[in-house]
Amino acid sequence: MSTTTDTARLHQRVAAADWTQLAEELDTYGCALTPRLLTPAQCARVAGLYERDERFRSTIDMARHRFGSGQYRYFTHDLPEPVAELRAALYPRLLTIARDWAERLGRPAPWPDSLEKWLAMCHEAGQERSAQILLRYGPGDWNALHRDVFGDMLFPLQVVIGLDAYGTDYTGGEFLLVEQRPRAQSRGTTTVLQQGHGLIFTTRDRPVATKRGWSAGVMRHGVSTVRSGRRHALGLVFHDAT
């Protein structure tokens, strides 16, 4: 169970990150690694929720839907405290970047200062289901390249938190990000997700400077094949699903 002290420390960890550097890395690569946000004990508690059916609204078998191989579960709106607090702490930091990207791309920036108000807007538009996920991969599992777009109400950034120790609990399973470049070959980026650290990445695209100004660089993400062990990850999405 999280305490007031745990919550305060979590917010402090988020605030202590170098957000100027993270924004620069997002501009350059479409993703950026944060410092450790969750302790190993917190990671173990979140990963352990996977067996508690009452915490989830649905379970997705990736092979059945041809999304890859492995499973993930959508949390209900009754999020456990570390998940809810992480989401609340990250939203205002990511909001600044999201508004900057929207300005460069000439797009609307409908996101209010409050996460609660933004989610209320999602619900009014018919996107009422929780999109927070807990993922589990075993040997041979992987996730196909995709984008997490669930409707018109979209937040352009999301975060995945590693819950297991890379190289000890599992091998393989690197995070993949592929950018589709106009009139050129696609560019791929791989990232090892260390336990407790977060990876911020674009939901669908990022601003790319061109001779004619800014254009949208389309990006998709996935996970490479897990070679051994078991890999859990927490996915934080800042819009709800239809």
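Here are the numbers for this structure:
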{"item": "Test: Asp164 is part of a loop (DSSP other than H, G, I, E, B), among the charged types (D, E, K, R) and surrounded by 20 or more Cβ atoms within 10 Å (Cβ to Cβ)", "result": "yes"}
{"item": "Scan of the stretch 78-105 for residues that are in a loop (DSSP other than H, G, I, E, B) and modelled with pLDDT of 95 or more, ordered by number", "result": "Asp78, Leu79"}
{"item": "Members of the stretch 175-193 that are assigned to a loop (DSSP other than H, G, I, E, B), surrounded by fewer than 17 Cβ atoms within 10 Å (Cβ to Cβ) and under 16 Å from the mean Cα position of the chain (by Cα)", "result": "Val192"}
{"item": "Residues of the stretch 111-120 classified as assigned to a loop (DSSP other than H, G, I, E, B), open to solvent by 60 Å² or more (accessible area, probe 1.4 Å) and farther than 20 Å from Ala23 by Cβ, total", "result": "0"}
{"item": "Qualifying residue in the stretch 204-217 (condition: under 18 Å from Asp141 (Cβ atoms) and open to solvent by less than 30 Å² (accessible area, probe 1.4 Å))", "result": "no"}
{"item": "Filter result for the condition that a residue is of a type in the set (Ser, Thr, Tyr) and either buried (at least 18 other Cβ atoms within 10 Å of the Cβ) or over 25 Å from Tyr166 (Cα atoms) (or both), over Thr39, Thr20", "result": "Thr20"}
{"item": "Cβ-Cβ under 8 Å pairs, at least 6 apart or on other chains, the stretch 57-71 side farther than 14 Å from Ile133 by Cβ, far side part of a loop (DSSP other than H, G, I, E, B) and at pLDDT 95 or above", "result": "Ala63/Gly70; Ser69/Met62; Ser69/Ala63; Ser69/Gly140; Ser69/Asp141"}
{"item": "Members of the stretch 1-14 found to be open to solvent by less than 50 Å² (accessible area, probe 1.4 Å) and within 18 Å of the chain's Cα centre (by Cα), listed by number", "result": "Leu10, Val14"}
{"item": "Those residues of the stretch 44-56 which are touching a helix residue (DSSP H, G or I) at 6+ places or on another chain (Cβ under 9 Å) and either open to solvent by less than 60 Å² (accessible area, probe 1.4 Å) or closer than 22 Å to Arg206 by Cα (or both), in sequence order", "result": "Val46, Leu49, Arg55, Phe56"}
{"item": "Any hit, the stretch 132-150, residues being assigned to a helix (DSSP H, G or I), touching a residue at least 24 places away in the same chain (Cβ under 8 Å) and either surrounded by 13 or more Cβ atoms within 10 Å (Cβ to Cβ) or at positive phi (or both)", "result": "no"}
{"item": "The one condition in (1) modelled with pLDDT of 95 or more; (2) surrounded by fewer than 17 Cβ atoms within 10 Å (Cβ to Cβ); (3) out of contact with any Phe, Trp or Tyr (no Cβ under 8 Å at 6 or more places or on another chain) that His65 fails to fulfil", "result": "(1)"}
{"item": "Thr59 vs. criteria exposed (fewer than 14 other Cβ atoms within 10 Å of the Cβ) and over 30 Å from Arg181 (Cβ atoms)", "result": "yes"}
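The values are calculated or read from the model by the stated rules, or taken from the named source; none is laboratory data. Just so you know, these numbers come straight off a predicted model, no measurement behind them. For neighbour counting, all protein chains shown are included, and Cβ atoms are generated from backbone atoms with ideal geometry for every residue, glycine included. Just so you know, the surface numbers come from the protein's heavy atoms only, side chains and all, with ligands and any DNA or RNA stripped out. Shrake-Rupley method; radii C 1.70, N 1.55, O 1.52, S 1.80 Å.
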